[in-house]
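Asks: Here it is, the structure, as structure tokens.
The values are calculated or read from the model by the stated rules, or taken from the named source; none is laboratory data. Predicted model, so just to flag it, every value in this text is computed and none were measured. Every residue, glycine as well, gets a Cβ built from its backbone with ideal geometry; the counts of neighbours run over all protein chains shown.
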Amino acid sequence: MTGIRFPPEPATRYNNQFEPSREGQESCVFFSIRDLELRKIPFEVELPSGKIDFLDPDLNQSGNLHAAGQAELLSSTLGEIRVRGHLRVTLGAPCDRCLESASILLDTDFDLSYRPADMDIAADEVELDEGEAEMGFYEGDGLDLADVLREFILLQLPMQIVCRQDCKGICPVCGENRNKAACQCRLETADDRWAALKKL
Ligand SMILES: [Zn+2]
Ligand SMILES: [Zn+2]
């Protein structure tokens with residue numbers, strides 16, 4: 001990787017979304033460009049709740065997060081790091097319909113690529129094919145696995161978090177949790193919605 005200069009000081013911003021954790025972070029893995037130039041770096045981690053800050057007080061990790069895979073520097077590129085592997089974690093968050101606790105299991109492969117943030121001209125020139133790995137950016141001398149995992153997990157969360165598929169939610173009229181007790185309120189808005197759908 002001759003001809004590429006990385007900032008002498010570790011950058012403090014990463015993808016503009018979160019602070020990278022560097023020194024002081026325990027039990028996670030830092031993929032440094034220097035090491036990646038020599039070899040692929042395998043990883044296997046078991047992270048208890050709290051090791052990754054999801055930046056969302058409503059989102060919490062239940063049990064350990066398990067992740068295993070490898071990071072490599074793609075030799076045909078200008079410093080692109082590819083991190084792939086498998087992740088398994090259970091998260092808890094309030095149900096969007098009834099506000100009771102909902103559980104989300106993520107048990108999935110991931111395949112993510114990161115370009116140096118100062119190579120944005122190159123990034124503009126390269127179009128992502130459909131199905132190609134997700135693309136992110138890193139600054140400084142490498143990439144922290146905790147940041148990779150956090151970002152991937154946040155991307156994987158469903159648009160709507162429900163405690164169960166048939167959660168009946170909270171009655172907008174009386175506020176009763178309709179999973180626990182049926183109320184007698186008549187929901188004319190719901191009827192209107194169905195009527196509108198039938199006309200389509
Ligand atoms: Zn619910
Ligand atoms: Zn009601």
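Asks: Keeping to the range 166-175, report how many residues are near ligand 1 (Cβ under 10 Å from one of its atoms) and assigned to a loop (DSSP other than H, G, I, E, B).
Replies: Looking only at the range 166-175, we keep the residues that are near ligand 1 (Cβ under 10 Å from one of its atoms), and these are 166-170.
This time we only want the ones that are assigned to a loop (DSSP other than H, G, I, E, B), so: 166-169.
Count: 4.
Asks: Can you tell me which condition LEU105 does not meet? The list is (1) at pLDDT below 95; (2) surrounded by fewer than 14 Cβ atoms within 10 Å (Cβ to Cβ), and all the others hold.
Replies: (1)
Asks: Further question: Pairs, please: C-beta under 8 Å, at least 6 apart or cross-chain, first residue charged (D, E, K, R) and in the range 60-76, second surrounded by fewer than 14 Cβ atoms within 10 Å (Cβ to Cβ)?
Replies: Sorted first by the residue in the range 60-76, then by its partner, the pairs are GLU72/LYS40.
Asks: Going through the range 86-99 one residue at a time, which ones are exposed (fewer than 15 other Cβ atoms within 10 Å of the Cβ) and over 19 Å from the mean Cα position of the chain (by Cα)?
Replies: Matches in the range 86-99: LEU99 only.
Asks: Still on this structure: Taking ALA67 and the conditions (1) at pLDDT 95 or above; (2) buried (at least 18 other Cβ atoms within 10 Å of the Cβ); (3) out of contact with any His (no Cβ under 8 Å at 6 or more places or on another chain), which numbered condition does it fall short on, given that it satisfies the others?
Replies: So ALA67 meets the others, but not (3).
Asks: Please work out which residue is farthest from ligand 2 (Cβ to nearest atom), limiting yourself to the range 170-187 and to residues that are of a type in the set (D, E, K, R) and within 18 Å of ASP96 (Cβ to Cβ). Step through it out loud before you land on a result.
Replies: From the range 170-187, those of a type in the set (D, E, K, R) are 176, 178, 180, 186; that's our starting set.
Now drop any that are not within 18 Å of ASP96 (Cβ to Cβ), which leaves 176, 178, 180.
Details: GLU176: 5, ARG178: 7, LYS180: 12 Å.
Going through the qualifying residues, I end up with LYS180.
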